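First up is the structure itself, then whatever we jot down about it.
The values are calculated or read from the model by the stated rules, or taken from the named source; none is laboratory data. The structure displayed is predicted, hence computed values, not measured ones. Cβ atoms come from the backbone with ideal geometry, glycine included; neighbour counts cover every protein chain shown. With ligands, DNA and RNA removed, areas are computed over all heavy atoms of the protein, side chains included. Shrake-Rupley method; radii C 1.70, N 1.55, O 1.52, S 1.80 Å.
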Amino acid sequence: MKEPKYLVEDLYTADPAAHVFNGKLYIYPSHDIVTGMPENDNGDHFAMRDYHVYSMEEIDGKVTDHGVILDVDDVPWSGRQMWAPAAASKDGKYYFYFPLKDKNDIFRIGAAVSDKPEGPFIAEKNPIMGSYSIDPGMFEDEDGEHYMYFGGIWGGQLQRYRDNKAIELGAEPADEDPALCAKVVRMSDDMLEFAEEPKDVVIVDEDGNPLKSGDHDRRFFEAAKMHKYKGKYYFSYSTGNTHLLCYAIGDNPYGPFKYMGEILSPVVGWTTHHSICEFKGKWYLFYHDCKPSGGKTWLRSVKFVELEYNEDGTIKPMDGMA
Ligand code: FUB
């Protein structure tokens with residue numbers, strides 16, 4: 001599968017979280033819709049209200065749409081805007097994680113539970129305690145521990161926090177200061193809470209120094225994801241306003257991670273968001289662009305393509321316009 005392929009044509013989908021459960025590939029995307037909300041740096045135009053899940057038995061096979069798995073009206077604490085989700089499985093149960101603004105317009109991360117990967121999922125009464133910002137990305141390590149990576153700046157509100165606490169002046173640090181970091185946290189045994197205080201995902205440059213806030217081509221913006229390849233931990237993410245998907249490699253789930261390079265050049269549309277998943281012995285990049293909607297940045301379409309590594313474990317960069 002060397003050429004990218006769109007997942008579906010009948011709905012706009014974005015932010016794909018790809019997971020393999022019971023030998024099948026499941027894709028949990030955002031569901032983009034037309035709302036007429038103004039386009040701004042706050043992301044008000046991403047006013048999504050529900051989620052679908054898709055599955056495939058083979059990478060090139062039939063795509064099954066399992067329908068709506070969670071609706072904003074089914075979340076007791078909901079305000080507005082269901083953004084990029086993630087999923088996990090433990091002990092025969094399935095967990096769906098989603099960022100959503102609460103009734104005070106503050107992003108929190110919610111958890112919902114099902115007996116099946118295709119849902120429907122029942123949302124917990126409250127958001128995960130201590131959660132904030134957006135874009136949960138779930139990773140299960142080989143020892144069975146589950147980690148959530150999260151965060152996103154600008155509309156994703158990460159700049160409003162320091163040391164996991166809300167601050168009054170919520171701005172990005174000055175250009176010469178260390179960049180804001182994504183967060184990583186180990187999940188509790190029941191997968192519904194954080195087992196510890198979230199920690200910074202520090203990305204360092206070739207000299208071992210944390211990337212700077214002004215380094216917009218390399219610093220973290222949103223879409224925090226983790227995968228493991230040949231014993232190394234690959235943290236991948238979007239640089240947001242420079243529209244790149246990049247990655248950094250570390251020796252454990254917490255990092256630090258050394259910046260390695262770009263995975264994908266800019267796509268059609270403002271946002272770029274992905275996940276990386278191994279399925280039946282091959283690796284795939286799931287991402288989105290706005291080509292099918294003629295470039296409308298709030299109407300995106302999920303696509304996927306095989307991802308290749310070099311012998312030294314680096315990822316072969318790809319063309320987002322392909
Ligand atoms: O889909 C809404 C937001 O756009 C996501 O949460 C971000 O990662 C960006 O893709």
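Would you confirm, using the coordinates I've provided, whether Asp105 is among the acidic types (Asp, Glu), closer than 24 Å to Glu172 by Cα and at pLDDT 95 or above? Yes: the conditions hold for Asp105.
Among the residues that make up segment 153-168, is at least one of them closer than 21 Å to Tyr28 by Cα, open to solvent by less than 10 Å² (accessible area, probe 1.4 Å) and in contact with a strand residue (DSSP E or B) (Cβ under 9 Å, 6 or more places away or on another chain)? Yes, segment 153-168 contains a residue that is closer than 21 Å to Tyr28 by Cα, open to solvent by less than 10 Å² (accessible area, probe 1.4 Å) and in contact with a strand residue (DSSP E or B) (Cβ under 9 Å, 6 or more places away or on another chain). Scanning segment 1-34 for residues that are within 19 Å of the chain's Cα centre (by Cα) and among the small types (Gly, Ala, Ser) turns up Ala14, Ala17, Ala18, Ser30.
Among the candidates Asp10, Asp15, Asp60, the residue that is among the acidic types (Asp, Glu) and surrounded by 13 or more Cβ atoms within 10 Å (Cβ to Cβ) is uniquely Asp15. Looking at segment 1-79, the strands (runs of 3 or more DSSP E) lying wholly inside it that each contain 1 or more residues that are within 16 Å of the ligand (Cβ to nearest atom) and touching a His at 6+ places or on another chain (Cβ under 7 Å) sit at 12-21, 24-32, 50-56.
For Arg108, the conditions (1) within 16 Å of the ligand (Cβ to nearest atom); (2) open to solvent by 40 Å² or more (accessible area, probe 1.4 Å); (3) more than 14 Å from Leu192 (Cβ to Cβ) all hold with the exception of (3).
Going by the conditions given, is Lys165 without any contact (Cβ under 8 Å) to a residue 24 or more places away in the chain and more than 16 Å from the ligand (Cβ to nearest atom)? Yes: the conditions hold for Lys165. Taken together, the residues in segment 107-126 that are in a loop (DSSP other than H, G, I, E, B) and either more than 18 Å from Met48 (Cα to Cα) or polar (S, T, N, Q) (or both) amount to 8.
Would you confirm, using the coordinates I've provided, whether Tyr95 is within 26 Å of Phe221 (Cβ to Cβ), at pLDDT 95 or above, of a type in the set (Ser, Thr, Tyr) and within 15 Å of the ligand (Cβ to nearest atom)? Against the criterion (within 26 Å of Phe221 (Cβ to Cβ), at pLDDT 95 or above, of a type in the set (Ser, Thr, Tyr) and within 15 Å of the ligand (Cβ to nearest atom)), Tyr95 does not qualify. Within segment 130-138, not a single residue is more than 15 Å from the chain's Cα centre (by Cα), in a loop (DSSP other than H, G, I, E, B) and loosely packed, with under 14 Cβ neighbours inside 10 Å. In segment 267-295, of all residues being within 13 Å of the ligand (Cβ to nearest atom), outside any strand (DSSP E or B) and not hydroxyl-bearing (Ser, Thr, Tyr), the one that is farthest from Pro38 (Cα to Cα) corresponds to His274.
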